Amino acid sequence: MRVIICDDEEKVCQLIHDLIDWDALGIEQVKSAHSGFETIELTQSFHPDLIISDVRMPGRPGSELVRIIRKISPDTDFI
């Protein structure tokens, strides 16, 4: 399983990354993105199973990000 953590604040991404025992959950790879644009680009190459995203971000809010990524990767889940 692959995960992208998306938040415009790098410290928030790092905190989420550090708080979760990814191995215990069977998560193989975790990457971070700091904007909606970066998340969209990363999705195209990384093909995540799950995206953990902030709702309020500059550029592309979380709700718009979900709509766009559903077209690129319909099987990706979101938190």
Residue with peak Gaussian network fluctuation, the chain [Cα springs, cutoff 10 Å], from G62, G26, G36: G26
Protein-only accessible surface order, largest first, of F46, F37 at 1.4 Å: F37, F46
Length gained when the stretch E41-I27 is fully extended (0.36 nm per residue, less Cα-Cα span): 3.0 nm
Farthest positive-ward along the chain dipole, Cα basis, beta-carbon charges - from S63, V12, L50: S63
For G36, net neighbour charge (Lys/Arg +1, Asp/Glu -1) across residues whose Cβ lies under 13 Å away: -3
Residue-count net charge about I20 - beta-carbon cut-off 15 Å; Lys, Arg +1, Asp, Glu -1: -4
CD proxy at 222 nm, helix term only [per DSSP H run n ≥ 4: -39500 (n - 2.57); per residue of the chain; nearest 500]: -12000 deg cm²/dmol
Pairs of alpha carbons in region 37-79 whose separation is greater than 15 Å (percent): 28
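The values are calculated or read from the model by the stated rules, or taken from the named source; none is laboratory data. What you see is a predicted model, and the numbers here were worked out from it, not measured in a lab. Virtual Cβ from ideal backbone geometry, glycine too; neighbours counted across all protein chains shown. Each accessible area value is taken on the protein alone, full model and side chains, heavy atoms only, with ligands, DNA and RNA left out. Shrake-Rupley method; radii C 1.70, N 1.55, O 1.52, S 1.80 Å.
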